[in-house]
Amino acid sequence: MYKRQGWLCLSLCVNLGLLAYFKYFNFGIDSLNAIFAAFDGPALSFAEVVLPVGISFYTFQTLSYSVDIYRGDAQPAKSLGDFMCYVAMFPQLVAGPIVRYSSVADQLHSRTHTLPKFYRGVLSFQAGLAKKVLVGDVLGQLADAAFATSDLSPAHAWLGALCYTFQIYFDFSGYSDMAIGLGLMIGFRFPINFDQPYRSKSITDFWRRWHVSLSSFLRDYLYVPLGGNRKGPFRTYLNLSATMLIGGLWHGANWTFIAWGAYQGFWLIVERLMGKRSLFGWLPRPGQVAGTFVLVVFGWVFFRAESIGAAMDYFAAMFGADLGVPAVGELPLRRIHALALLAGAACLWVFPTTQSLIRSPRAVWVLVLQGIFWIALLQLHHVSHVPFLYFQF
């Protein structure tokens, strides 16, 4: 028993130690230097640590493997090759979904390669690429411009926040669709990562639908081991707060991500105090969805801003506060941005999910998708850089 616990502790220390060093070393030194500067102390000099692409995702996968083996929730890999294949599985290696070993262990040795599965994989990949390039990237231009402008009018500040809300969803869910599609092409079935999150009726509901693989990871490997809701209300609220703070910090080494996690945890606690009911439960469902969506938009301002101060300034711009400068800044809104907003809104609140559509694809939808996919390829041909938000995580 003690031997197994020792190996588990070693695995956790190695995984979390590597993550802490590569992802948070610079942040820690910068924070210390800020404290020293406040007291006129000397600054620490250090070599910048370069963040390996996707380290948060494959570190969590190896960590979950060790914990699942210890708990008996999964059988050990039959060979080092199996384990390495699981960790280095390229479709979802750098940006998820976070795949647990138990969900692919059997598929490493026995999986089907069929034309219908490959066909659905191609459709999923095409849909994901179109979502990312034609909606996420296009609206990302406006979001970047908004958060780089200091004198936005309230209307344009709201527009910028809305564009980022669309960008982060279509960028990340688009990549998830591509990863799931690539997996299907080579015979693997990966779990879904998004389930129409902007149709949520509450923040609690939102976290059941947004980045599902991370939400379930935090629940099973952090919230439940801390005690979950089994040790009274106070411990439940404390566990929720700790889970969301760590979830925010997982996304990036910046106080803005911690603030975003605290913001999400606050609303989860409020809804728990209300008996897990929506803050907007007195409204009809469309009103609940709209109210929750606005709360999510506010949260993304913390997520996108460069600093807490910048986030506060952006909130001030959204509500027309006097910042000492005339609020006349505008965004370079063009027809392509308006089309992307309309297309994004239709995907979010009218059309079913990509996974629902590819389950039994209709000919008309497939033909439309082919046209959209080729437009996305033409768009890629005309840009020199294609950003991907979650590479930084």
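Where a number appears in this text, it was derived from the coordinates with a stated rule and is not lab data. Source: prediction; values computed, not measured. Ideal geometry is used to build each Cβ from the backbone, glycine not excepted, and the neighbour counts take in all protein chains shown.
Between ARG189 and TYR221, the simple spin-label model (points 7 angstrom out along Cα→Cβ) gives 2.3 nm.
Computed FRET efficiency, Cβ-Cβ of ALA363 and ILE336, R0 30 Å: what is it to the nearest 0.05?
Working: r = 28 Å, r/R0 = 0.95.
That pair, ALA363 with ILE336, gives E of 0.60.
Taking every full run of DSSP H in the chain, the ones that stretch at least 30 Å from end to end by Cα along their long axis and average 0.5 or higher on the Kyte-Doolittle scale are 2-38, 154-185. Residue separation of ARG235 and ASP106 scaled by 0.36 nm, minus their Cα-Cα distance, works out to 42.6 nm of gained length.
Converting the Cα gyration tensor eigenvalues of region 95-166 into ellipsoid dimensions via √(5λ) gives semi-axes, longest first, of 40, 15, 7 Å. The alpha-carbon of LYS231 sits under 20 angstrom from the alpha-carbons of these aspartates and glutamates, leaving out residues fewer than 8 places away in its chain: ASP220, GLU271.
Provide the net charge surrounding GLY140, with neighbours chosen by a C-beta distance below 10 Å and charges set as Lys +1, Arg +1, Asp -1, Glu -1. Net local charge, GLY140 excluded: -2. Simple spin-label estimate for LEU273 and ALA242 gives 2.1 nm between the two label positions (7 Å along the Cα-to-Cβ direction from each Cα). In a simple Cβ point-charge model (Lys, Arg +1; Asp, Glu -1; nothing else charged), region 1-110 has a dipole of about 400 debye relative to its Cα centre.
What FRET efficiency comes out for the pair ARG4/CYS85, r = Cβ-Cβ distance, R0 = 22 Å, nearest 0.05? If you can, show how the numbers build up before the last one.
Details: r = 24 Å, r/R0 = 1.11.
That pair, ARG4 with CYS85, gives E of 0.35.
Per-residue extension of 0.36 nm, minus the Cα-Cα distance of ARG285 and GLN75, leaves a gain of 71.2 nm for this segment.
The distance between label points at ALA346 and ALA316 comes to 4.0 nm (points 7 Å beyond Cα on the Cα→Cβ vector). Projecting the Cα atoms of PHE280, TYR314, THR236 onto the charge dipole of region 215-340 (Cβ charges, centred on the Cα centre) puts THR236 farthest toward the positive pole.
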